[in-house]
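Taking it in order: structure first as structure tokens, then the write-up.
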Amino acid sequence: MPDQGGNAPPPQPQAAAPARAQPEPSRGSRKWTLRAAGLVAAVLVGAGTWVALNATALRAALAARNLASAATDEERAKWADTLIGYGEPGVHKLAECLRAGDDPTRAAAVAAFDRYLGALPDDDARAFVASGAVLDTFPDAPDAGKRAVLRLVPVVLKRTGPAHAARCRAVVSEGLKMADAEARVAAARLAIHPDIKLRAELVPLLAAPEPEVRGAALFGIASAVDGEAILNDEELFRWLHDADAGVRRICRDALIARDRSEAEIALGKRLTHPDPNERLKLLLELRYDDDVADPEPWLERLSRDPEPAVRAGAARIAVEVSAARNQSSPVWVGRVADTDQHPTVRFVAGYYRARPAPTGEPVRPVGGP
């Protein structure tokens, strides 16, 4: 009720409502919460363990990315050496650079492998792993990658010996057949290695259009490192006429190494001259020039010349030289007379073969001593 002054009494505060009681979590809910927490913990522990176990591989992957993005040769060399220092994961990453890297990255990888393998002791297990990784990249690599592997074959052979010899031989054999001239040159230089021994496969390269390929092939063939001559001296003479001065020089040096004199090299050059008129002139010199002590072997070679006139002339001059020296005609004159494919050559050789044999006494001029 209002007091006598007419004012209403202040409202009385109401009592606060009692707090609503929270329901207790059920036993099943607590169980799932604990399981979730345990699962998260297990994931974190597993992830940490994986990172710990794969730390080297992760560092190698990061180094490989840094190598690929390096802007200078110095940086590329640093990251390539860093990468190969991570052991097998780094070795395989660096080997992949041989196959798929750009030219600067590939060059850095080649240099790093060369330094790494060159510094290892003989029969070190790491050398076999690294060499195997290098050779594994060859089949699927582009030409530039194959060239890179070929450059590493010498150090692979040096460090692993016969263990990888068969694989290196296969790499070199394929390199000899590549369209890339630089790869063929590299393979030709490796073909004479004592663990490779592919000198016979160099012969087709003598017809290569690139002079550097012909020169490398000729050097490998002419170097009788294993005691077997792929080309004899007579076959080598033709390369004295090669269009490239470097190839001609290699041929001449090879003949000198085979103990051929300057006079014999000059004769061999004329013997294989591409102009048949020059070979006919050689016949006359062999007949009348006394500088050649024994012209018969040269005449025998000319009796197998592709030009019929040269073959006929060789048979005639052989008989004349023999008669002048009071000797019997060479046996090969009969072969020319009986079997030459050209009838005129057979006739000429037969005519001179039928001449009387020397009597054994030299002919003395009237009034002589």
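The values are calculated or read from the model by the stated rules, or taken from the named source; none is laboratory data. This structure is a prediction, so every number in the text was calculated from the model and none was measured. Positions of Cβ are generated from backbone atoms using ideal geometry, with glycine treated the same way; all protein chains shown enter the neighbour counts. Ligands, DNA and RNA are stripped out before the accessible areas are found, and what is left, the full protein with its side chains, is counted by its heavy atoms. Shrake-Rupley method; radii C 1.70, N 1.55, O 1.52, S 1.80 Å.
What's the total number of residues in the range 298-343 that are closer than 20 Å to residue 281 by Cβ and not hydrophobic (A, V, I, L, M, F, W, C)?
12
What's the number of the only condition in (1) at pLDDT 95 or above; (2) surrounded by fewer than 18 Cβ atoms within 10 Å (Cβ to Cβ) that residue 213 fails to meet?
Condition (2) is where residue 213 drops out.
Return the total of residues in the range 182-205 being open to solvent by 20 Å² or more (accessible area, probe 1.4 Å) and either in contact with a strand residue (DSSP E or B) (Cβ under 6 Å, 6 or more places away or on another chain) or over 13 Å from residue 221 (Cα atoms) (or both).
5
Consider the range 76-91. How many of its residues are open to solvent by 20 Å² or more (accessible area, probe 1.4 Å) and in contact with a helix residue (DSSP H, G or I) (Cβ under 8 Å, 6 or more places away or on another chain)?
9
Pull out all pairs, ordered by first then second residue, where Cβ-Cβ is under 8 Å, the residues are six or more apart or on different chains, the first lies in the range 193-212 and is under 26 Å from residue 156 (Cα atoms) and without any contact (Cβ under 8 Å) to a residue 60 or more places away in the chain, and the second is among the charged types (D, E, K, R) and assigned to a helix (DSSP H, G or I).
Short answer, once both residue conditions are applied: 195/169; 196/169; 197/169; 198/169; 205/184; 205/214.
Do we find that residue 311 is crowded, with 16+ Cβ neighbours inside 10 Å, part of a helix (DSSP H, G or I) and in contact (Cβ under 8 Å) with a residue 24 or more places away in the chain in this structure? Spell out the reasoning first.
Details: crowded, with 16+ Cβ neighbours inside 10 Å: yes; part of a helix (DSSP H, G or I): yes; in contact (Cβ under 8 Å) with a residue 24 or more places away in the chain: yes.
So residue 311 passes the test.
Would you mind listing the helices (runs of 4 or more DSSP H) fully within the range 219-304 where at least 1 residues are basic (Lys, Arg) and free of Cβ contacts under 8 Å to residues at least 24 places away in the same chain?
Output list reads 245-257, 262-271, 276-288.
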